[in-house]
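Presented below is the structure to which this report refers.
The values are calculated or read from the model by the stated rules, or taken from the named source; none is laboratory data. Only a predicted model underlies this, so the values are computations on that prediction, with no experimental measurement involved. Heads up, the Cβs are rebuilt from the backbone with ideal geometry, glycines too, and the neighbour counts pull from every protein chain shown. Surface areas here come from the heavy atoms of the whole protein model, side chains and all, with no ligands, DNA or RNA. Shrake-Rupley method; radii C 1.70, N 1.55, O 1.52, S 1.80 Å.
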2 protein chains.
Amino acid sequence: MTQLFTPKTEIQNRINRFQELMEEKGGDLAIIRHSADLYYFTGTVQDGHLIIPVKGDPCFYVWRSSRRAEEESPLNNIKRIKNFTHLIELVKKDGFAEAQEVWTTFDVIPHSLFSFYSKKLFSNANFSDCTHYIRTVRAIKSPWEIEQIRMACRVIDAAMSEIPALLTPGIDELEFAACIEAILRKNGHQGFLRMRVAQGNALSMSQILTGANGAISSFTLTPAGGPGVSPSFGMGSGHRIIGPGEPVSVDLGGCFNGYLGDETRIFSIGALPDTLERGLDTMIELMERLEAELCPGVVAGVLYQISIDFMKSSPFFENFMGCDEKVQFIGHGLGIEIDEYPFISRDNQMILKPGMVLALEPKLVLPGLGLVGVEDTFVVTEDGFERLTETQRKVTSQGIGKGHAVYEAHQ
Amino acid sequence: MTQLFTPKTEIQNRINRFQELMEEKGGDLAIIRHSADLYYFTGTVQDGHLIIPVKGDPCFYVWRSSRRAEEESPLNNIKRIKNFTHLIELVKKDGFAEAQEVWTTFDVIPHSLFSFYSKKLFSNANFSDCTHYIRTVRAIKSPWEIEQIRMACRVIDAAMSEIPALLTPGIDELEFAACIEAILRKNGHQGFLRMRVAQGNALSMSQILTGANGAISSFTLTPAGGPGVSPSFGMGSGHRIIGPGEPVSVDLGGCFNGYLGDETRIFSIGALPDTLERGLDTMIELMERLEAELCPGVVAGVLYQISIDFMKSSPFFENFMGCDEKVQFIGHGLGIEIDEYPFISRDNQMILKPGMVLALEPKLVLPGLGLVGVEDTFVVTEDGFERLTETQRKVTSQGIGKGHAVYEAHQ
């Protein structure tokens, strides 16, 4: 398989849309270094500083590897820099140094880099934060981007179809996760999920939580947390022997060519207890209710409010989207990062538009019992939506453990 | 397996050492949020802000999950915060708000967080960067930390021993990597390697490069890069069918309880070509030369210079530590992150001390042919060193592909 490079027209369209916004908001240029933003605007994550002026061609100053950047990026101006002093020289020579209104991403660039930009590179400029504008541009996916996300979702669906064979009674939760992650990785996953609000953490490819582990909250703003392998990354799967009649929540972040898909399904060795199955059915019903509303023009916060109103009459209201540490959203945009615009969250006034890709994830957390719910990835279309993850939504408890056991149970 | 929490005496010793340095350098308090530093000083990565005053008990203000933080951290003062406004109130009430000299980690905290700290939380303070001091304290590992690293190295050695059975002719490089990563993950790996200088990237557990892929450079400051699965994370394994007589470089970052080990070994289906085997033997000889010098008191930069002097008379000098984009180091400290003090790099005046843990990785990059070399993890002891990775160093070409093929070859 050869690598898929981002087409030139893609990059050009993205830069054009960002430049229009910059002109409207009064920016002179933006300087970008965060890897997700670099990938979006250049087609590569090689280490460098991208300058996008309000008019004219961007210039990508690359430290390493400039040869890789030239190979992977369709940008015309790619220059090799030896060090920061060299960068200052080139930026001056290229006529960017006199910019007055400079944008950068305050949310992710380290303070030391900001100091360099503001004191050494653009010492006369006024700096402002362009995080919101970059996220706004990135929220509308092109057909090419949707195709990458569709591929990521296909890989997830394929992994979901292998789960009945992998889920053997007595298997350790982490071992089960390792088997599924290996399937994603073999099919081109980069090995981790980019998350913008990460505080130095990356997310693992899967969040597989079984039985009571599904009700353990953690540091990320997600309905479920999980114990994790140790307090050093206390999230996701831990060690726990999976038994019969427990909810096995399989939340997979697939990745194709840097673009993510997101899907959650519930499996069970033998029948799920009635309460949990009713809970899952309620979440499926809510998902169908949300699908009935999902179209361009709808306000993100309204979808959240519809969910709350729907749940108020349910016996599971107290368990909706977390238990003691609830989250106030039922979905999120995704693309290069797992936490993109639009957030389907309380009071969010953002209006859904064609091309937005989002995951909806109505979930219930039942202390001592676990986690049940569904999650699908959707793209908003001109007249509604298309669902990109296709696995059926009801609990899968048939055929579990009947396939070949690829791994023997842990210890 | 239950989770291993960091003992109270560990945390107390770390804070004491940091406070002594703070007193010496004139700091009033430090505020810390980066996950690796939080794990070191609190024993948890739950999301919060840790204040360490120059004297007295630290206080950890936790947003989510405060219950998890209380369970995992031996700190006495853990307070739940609802939002930033609440944090400001509590910090004032606890008497920290009047600090004059405030430390934080300029290298990793986002500029937006720095603005909040400096304008809202400690609005009268002078801020300075404590990155170097935290790295200095973290460079000296306790016996407990060395035990975690030893366990990480054991898992790597165990994975190395399974490689002859997994390396079947015709297997795809990425599929081979996925099999090995699954072994690490099953044994408690958190799924990614923390890297401080990451620009929003995380490293995958393995860097497995075969044949010509071993000579592709990339964005990280490492002797080898690799194509990666796509330009979205252009580093590490890519798609490439592994054939006979090629160097299969297996570089594994093991992890146990958040602590890393690092080891590289070369495998080959059938005999390696003579040139490559001679290259590998030269790297093993250099490693032995370095081991003869490795003890407390030696200057890091001197070890680098010894390597350069050793290589000057070698026909492989041009290929040492990279080819067109060389790195100027032959090793690095490691612990919670893969890039800790001491860097065994050109001109680095840092003196090695007992308790420092480091990986030495003499490697050759031969364009068109690939990568050969060795890497081991060592701890500096009172009178020399202990090697923590134990697999034999010569190329392994016996018994390859003779075991059970766990996976079928990709497509």
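Mean sequence separation of contacting Cα pairs (under 8 Å, at least six apart), scaled by the length of chain A, corresponds to a relative contact order of 16 percent. Quick one: which bits of the range A:55-83 get at least 50 Å² less accessible when the partner protein chains are in, versus the chain alone, with a 1.4 Å probe? Hits at the 50 Å² cut-off: A:Arg64, A:Arg68.
Which value, in debye to the nearest 20, describes the size of the charge dipole of the protein assembly as shown about its Cα centre when Lys and Arg Cβ atoms bear +1, Asp and Glu Cβ atoms bear -1, and nothing else is charged?
Working: 76 positive and 104 negative charges, 206 e Å.
The dipole magnitude comes to about 980 debye.
Ranking B:Gly297, A:Gly270, A:His86 by Cα position along the charge dipole of the protein assembly as shown, where only Lys, Arg, Asp and Glu carry charges on their C-beta atoms, puts A:His86 farthest toward the positive end. Of the cross-linked pairs A:Lys8/A:Lys363; A:Lys55/B:Lys120; A:Lys326/B:Lys92, which ones have a Cα-Cα span greater than 32 Å in the structure shown? Among A:Lys8/A:Lys363; A:Lys55/B:Lys120; A:Lys326/B:Lys92, the Cα-Cα distance tops 32 Å for A:Lys8/A:Lys363; A:Lys55/B:Lys120.
In nanometres and ascending order, the distances from the A:His132 label point to those of the other copies are 3.8 (point 7 Å from Cα along Cα→Cβ). Close amide H contacts of B:Glu263 (hydrogens built in the peptide plane, cut-off under 5 Å, sequence separation of 5 or more or a different chain): B:Leu252, B:Gly254.
For the range B:163-234, dividing the convex hull volume of the Cα atoms by the residue count gives 104 Å³ per residue.
Computed packing ranks the peptides B:373-380, B:156-163, A:10-17 as B:373-380, B:156-163, A:10-17, most packed first, by mean other Cβ atoms within 10 Å. Our compactness index for the range B:114-235, the C-alpha radius of gyration over the empirical 2.2 N^0.38 Å, is 1.43. Distances between copies at B:Lys353, taken between label points 7 Å from Cα along the C-beta direction, are 5.5 nm in increasing order.
Residues whose amide H falls under 5 Å from that of B:Thr396, counting only those 5 or more places apart or on a different chain, are B:Ile266, B:Phe267, B:Ser268, with hydrogens built in the peptide plane.
Residue by residue through A:109-118, how many Cβ atoms from other chains fall within 10 Å of the Cβ on average?
Numbers: counts 5, 13, 16, 9, 5, 6, 4, 0, 1, 1.
Shielding by partners across A:109-118 averages 6.
Carbon and sulfur together cover what percent of the accessible area of the range A:1-157 at a 1.4 Å probe radius?
Carbon plus sulfur share of accessible area: 50 percent.
Taking only the C-alpha atoms of chain A, Rg followed by Dmax gives 22.6, 71 Å.
Charge tally around B:Cys295: other residues with Cβ under 11 Å, Lys/Arg +1 each, Asp/Glu -1 each, net -3. Here the range B:8-138 is treated with +1 on each Lys and Arg Cβ and -1 on each Asp and Glu Cβ, and its dipole about the Cα centre works out to around 420 debye.
Taken over the alpha carbons of the protein assembly as shown as equal point scatterers, the Debye sum produces base-10 log I(q)/I(0) values at 0.05, 0.09, 0.10, 0.11 Å⁻¹ of -0.25, -0.88, -1.12, -1.39. Beyond 25 Å, what share of the Cα-Cα pairs of the range A:8-138 is found? Please give it as a whole percent. Roughly 15 percent, once rounded to a whole number.
From helices alone, the protein assembly as shown scores -9500 deg cm²/dmol at 222 nm; the rule is -39500 (n - 2.57) for each run of n ≥ 4 DSSP H residues, then divide by the residue total. Packing here is the average count of other Cβ atoms within 10 Å per residue, and on that basis the peptides A:296-307, A:351-362, highest first, run A:351-362, A:296-307.
Measuring nothing but how far apart in sequence close Cα pairs (under 8 Å, 6+ apart) lie, relative to its length, the range A:8-138 scores a relative contact order of 24 percent. Relative to the longest principal axis of the Cα atoms of chain B, the long axis of helix B:300-312 makes an angle of roughly 20 degrees.
Per residue, chain A exposes 35 Å² of accessible surface when a 1.4 Å probe is rolled over the protein heavy atoms with every protein chain present.
Shielding by partners for peptide B:219-230, expressed as the average number of C-beta atoms from other protein chains within 10 Å of each residue's C-beta, is 5. A dipole drawn for chain B from +1 and -1 charges on Cβ atoms has a positive end, and of B:Ser307, B:Leu358, B:Phe96 the residue lying farthest that way is B:Phe96.
Tell me, how many Å apart are the Cα centres for the range A:186-202 and for the range A:320-388? Distance between centres, Cα-based: 18 Å.
For the chain pair B and A, the interface hides roughly 6500 square angstrom of accessible area in total, found with a 1.4 Å probe. Can you list the aspartates and glutamates whose alpha carbon sits under 19 Å from that of B:Lys119, skipping same-chain ones fewer than 8 residues off? Answer for B:Lys119, where 19 Å is the Cα cut-off: A:Asp107, A:Asp129, B:Asp28, B:Glu89, B:Asp94, B:Glu98, B:Glu101, B:Asp107, B:Asp129, listed by chain and number. Shielding by partners for peptide B:198-210, expressed as the average number of C-beta atoms from other protein chains within 10 Å of each residue's C-beta, is 5.
Cross-link partners of B:Lys141 among aspartates and glutamates, defined as those whose alpha carbon lies under 15 angstrom from its own and excluding same-chain residues fewer than eight positions apart: B:Glu10, B:Asp37, B:Glu337, B:Asp339, B:Glu340, B:Glu382, B:Glu386.
Relative to the Cα centre, the charge distribution of the range A:140-387, modelled as +1 at Lys and Arg Cβ and -1 at Asp and Glu Cβ, gives a dipole magnitude of about 440 debye. Near A:Ser128: Cβ cut-off under 14 Å, other residues only, Lys/Arg at +1 and Asp/Glu at -1. The net charge is -4.
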